[in-house]
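This report concerns only the one structure given below.
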Amino acid sequence: MGGITYLTIAYRKQSDSEALSFMNRLENAARQLSSFDPTVQFAGIYALEALADESEEDRKQLCIDVLCGYLRLPYQGNGEPSLLREVVEKRTWTFERGNVEEIRSHILRPADREVRLTIIRTITKHLQAHSPNSWSNLNLDFTGVLFDGGDFSGAVFSGKSVSFSGASFTGTEVTFK
């Protein structure tokens, strides 16, 4: 009886350790993806891909959710930079009672389009019929995504939920052959 108890406790510790390791790797990859440095962002995409490929289905889904979540972030499209370096705009207006100063601050991501296209390529690669690490059976949420190019050719969408609801397509061609 003591042996069974020991094995159960050892199994739970192993399982908890694996879950903690996964969550730490997921957090690090997501942090890389949110970086302002495009090369770090690309590393984050590939880290999420590798983590998904070596994980079981529910954990794989988390990695894909992070990638799709990035695509749902605000984006201007047409190759315009969206949200890296901080830009501060100051304006001052003079009125009868004095001056009013307005300060606007935003961040630009000049390589955002390339990061987004890399995410689309990564997802599409895993949606191919011959992919050894298929993501076809998983959920993909492209709700509200602004697609500014991309190639989904040969993609097999067989998950429980694939949503392009509210998505828009602008700029260069997006292919679904």
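We did not get these values from a lab; they are worked out from the coordinates using the rules stated. Keep in mind that this is a model prediction, so the values were computed, not measured. Positions of Cβ are generated from backbone atoms using ideal geometry, with glycine treated the same way; all protein chains shown enter the neighbour counts.
Below is a table of values for the structure above.
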read-out	value
Check on Ser153, closer than 22 Å to Asp58 by Cβ, part of a loop (DSSP other than H, G, I, E, B) and of a type in the set (Ser, Thr, Tyr)	no
Cβ pairs under 6 Å, 6+ apart, first in the stretch 120-141 and in a helix (DSSP H, G or I), second of a type outside the set (Asp, Glu)	Ile120/Gly150; Thr122/Ile45; Thr124/Phe152; Thr124/Ala155
